[in-house]
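These notes concern the structure reproduced below.
A short reminder: the numbers here are calculations on the coordinates, not readings from a lab. Everything numeric in this text was worked out from a predicted model, so none of it was measured. Glycine gets a Cβ as well: all are built from the backbone with ideal geometry, and neighbour counts include every protein chain shown.
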Amino acid sequence: MRGFLSDIYLRPSCYACKCKNGVNHSDLTIADFWGINLIAPEFDDDKGVGLVLVNSSKGKGYFDSLNMTVRNSTLDKAHLYNGGFNEHTHAHPKRVLFFTLISQGKTIKDAVDICLKISLPSRIKNKTKRLVKGAVKQVLGDAGVKAVKKALGK
C-alpha cells in the first residue's frame, strides 16, 4: 500500500492518463471510493467501497442490470477524496530504482522499504511534531491545536 500511495509502481499509463479532470472515454469507470467514511460513514464497512461512474447510456444499461447494493453520490463528492481523477500523477523519483531492485531479486516489500526509507533527521522532525501536537492537544484540547496551527500559518 505504501508503494501504491507513493506512486512508485503504478503502470506507465497512469502517468499519462487520458481520464483526468472528468474526461473519460469509457462507458463505466470503476475505482475505489476513497473518503466514503467521510461522505457516507453508514455505508463504510471498512473493507472498501467501489466507485462506479456511469459515463454513457450504454454504461447505464450495464450498470442498471447489475444486482448489487448501490448508494448514489455525486461526481463532486467523488472528486473530494479521489485525487486520481483530478490531478496529473507524476512518477516517483525512485521508480527506476524500485524496478532495478525488483529485477535484482529484491522482494516488493524490500524494494519499497529501500526506496521510501525516511532519513533519520526527517524521522526525528516528524516524531517531534507528533509529540508536540499530542502535548498541545492534551493540555489545550482540539481547539488549542487549531489555534496553534492558525498561529503558525498552517
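A few comments on the model shown:
- Annotation for I108 and D44: the two label points, set 7 Å from Cα along the Cα-Cβ direction, are 2.5 nm apart.
- Calculated FRET efficiency for the pair T100/V54, C-beta based, R₀ 41 Å, to 0.05: 0.50
- Charge context of K94, other residues only, Cβ under 14 angstrom, K/R +1, D/E -1: +1
- In nm, spacing of pseudo-spin labels at F63 and D32 (7 Å Cα→C-beta vector): 2.1
- Computed lengthening from A91 to D76, 0.36 nm per intervening residue step minus Cα-Cα distance: 2.8 nm
- Under the simplified labelling scheme, the A16-D142 pair shows an inter-label distance of 4.6 nm, with each label point 7 Å from Cα along Cα→Cβ.
- 10 Å beta-carbon shell around L116, net charge (K/R +1, D/E -1): +2
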